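For reference, the structure discussed in these notes is given below.
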Amino acid sequence: MTALLKVSSIETLYFDRIYALFGVSLEIEEGEIFTVLGPNGAGKTTLLRTIAGLLKDQPKKGEILFAGRRIDGWQPEAVARLGIVYVPEDRGLFRELTVAENLELGLWGRHDDGVDKDVDFVHGMFPILKERARQEAETLSGGEQQMLALGRAMLRRPRLLMLDEPSLGLAPRVAKSVYEALTAISRRGTTILLVEQNARLALGVARRGAILEAGRIVLEGASKDLTENEDVREVYLGVGTAEAAVKGWRLYRKRRRW
């Protein structure tokens, strides 16, 4: 398969002196779901914002290629026009607008024949959005707001959909329904770059993934391999070892091999 997005040795700084990303490299293939896992402060959001062009004069080093075109240093609106759609952790909704009005913003500038089909797809994926069309976005539950953010993003017809912590703050049942929607979106051919802390959910839908810690990629591979990795299982999946159980979880800290 061909790499749709290629990130090569990028370094992103804040205030020109604080490193958030150190030599991060990733390749994401057309049509796949790729997940980046890691703890708070690892640089996951910074990675997405760097790709989207939302951090001025960043990355300081390295290259970002999208469909063979170098886009690092581009303005965010130029990046978006290529079909890269970013859904931030706070979902980026216009809370005082209704559900229908938020979805209409996703259609801004579109005059193609596929508008009705795409709206039907979003309503079929999230029927609650059609039911709540006249309701203000700020009155929706967290799960419904995430569905609205995803629905609006899909109306942009993204080639690459970048999601920042889509399960954050959601009940397990709601988070599961959101991830089922991601699988449906992927089947349409949309490439997804997924940043998550919920490793179990993310590895359940992704084909490949990477672990980002302290601004560096420390492990990368197929989701199956990551799921079976002893360190990933203990640190990110909460599957402790017998040794840890004997020593007691408060006193035991396993030395990881990355």
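The values are calculated or read from the model by the stated rules, or taken from the named source; none is laboratory data. Predicted model, so just to flag it, every value in this text is computed and none were measured. We place every Cβ from the backbone using ideal geometry, glycine too, and count neighbours over all the protein chains shown.
Of all residues in region 197-225, how many are over 14 Å from Leu161 (Cα atoms) and in contact (Cβ under 8 Å) with a residue 60 or more places away in the chain?
So the answer is 18.
Out of region 4-33, which residues are touching a helix residue (DSSP H, G or I) at 6+ places or on another chain (Cβ under 9 Å), in a strand (DSSP E or B) and at pLDDT 95 or above? Lay out the reasoning, then the answer.
Just the residues of region 4-33 that are touching a helix residue (DSSP H, G or I) at 6+ places or on another chain (Cβ under 9 Å), to begin with: 5, 7, 10, 12, 14, 20-21, 24, 26, 31-33.
Next, from what is left, pick out any that are in a strand (DSSP E or B): 5, 7, 10, 12, 14, 20-21, 24, 26, 33.
Correct list: Leu5, Val7, Ile10, Thr12, Ala20, Leu21, Val24, Leu26, Ile33.
Here Lys60 meets the list (1) among the basic types (Lys, Arg); (2) over 13 Å from Met162 (Cα atoms); (3) touching a Gly at 6+ places or on another chain (Cβ under 8 Å) almost entirely, failing just condition (3). Look through region 35-78, keep the residues that are surrounded by fewer than 17 Cβ atoms within 10 Å (Cβ to Cβ) and of a type in the set (Gly, Ala, Ser), and return whichever of them is farthest from Pro158 (Cα to Cα). Among them, the one singled out is Gly41.
Table: residues versus (1) part of a loop (DSSP other than H, G, I, E, B); (2) buried (at least 18 other Cβ atoms within 10 Å of the Cβ); (3) not aromatic (Phe, Trp, Tyr).
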position: Ala149; (1), (2), (3): no, yes, yes
position: Ala153; (1), (2), (3): no, yes, yes
position: Arg156; (1), (2), (3): yes, yes, yes
position: Leu163; (1), (2), (3): no, yes, yes
position: Ser167; (1), (2), (3): yes, yes, yes
position: Arg173; (1), (2), (3): no, no, yes
position: Leu182; (1), (2), (3): no, yes, yes
position: Ser186; (1), (2), (3): no, yes, yes
position: Ile192; (1), (2), (3): no, yes, yes
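For region 12-26, the criterion of being under 15 Å from the mean Cα position of the chain (by Cα) and touching a residue at least 12 places away in the same chain (Cβ under 8 Å) is met by at least one residue. Looking only at residues in region 120-147 that are surrounded by 18 or more Cβ atoms within 10 Å (Cβ to Cβ) and among the small types (Gly, Ala, Ser), which one is farthest from Leu201 (Cα to Cα)? Among them, the one singled out is Ala137.
Evaluating Gln197 against the criteria (1) of a type in the set (S, T, N, Q); (2) modelled with pLDDT of 95 or more; (3) under 11 Å from Val36 (Cα atoms) leaves one unmet condition, (2).
Quick check: is even one residue across region 145-167 polar (S, T, N, Q) and over 25 Å from Ile28 (Cα atoms)? Break it down into steps so the answer makes sense when it comes.
Keep residues of region 145-167 that are polar (S, T, N, Q), which gives 145-146, 167.
Retained after the next criterion (residues that are over 25 Å from Ile28 (Cα atoms)): 145.
Checked against the condition, which is being polar (S, T, N, Q) and over 25 Å from Ile28 (Cα atoms), region 145-167 yields at least one hit.
Just one of the listed residues (Arg81, Arg91) is exposed (fewer than 15 other Cβ atoms within 10 Å of the Cβ) and either without any contact (Cβ under 8 Å) to a residue 12 or more places away in the chain or not aromatic (Phe, Trp, Tyr) (or both), namely Arg81.
Report yes if some residue within region 35-44 is more than 15 Å from the chain's Cα centre (by Cα), outside any strand (DSSP E or B) and within 19 Å of Ile217 (Cβ to Cβ); otherwise report no.
Taking every residue of region 35-44 in turn, at least one turns out to be more than 15 Å from the chain's Cα centre (by Cα), outside any strand (DSSP E or B) and within 19 Å of Ile217 (Cβ to Cβ).
For region 219-233, filtered to residues that are surrounded by fewer than 16 Cβ atoms within 10 Å (Cβ to Cβ) and acidic (Asp, Glu), the residue that is nearest to Leu26 (Cα to Cα) is Asp225. Looking only at region 85-96, decide whether some residue is of a type in the set (A, V, I, L, M, F, W, C), more than 23 Å from Thr191 (Cβ to Cβ), in a helix (DSSP H, G or I) and in contact with a Leu (Cβ under 8 Å, 6 or more places away or on another chain). No. For region 52-63, the criterion of being assigned to a helix (DSSP H, G or I) and at pLDDT 95 or above is met by at least one residue.
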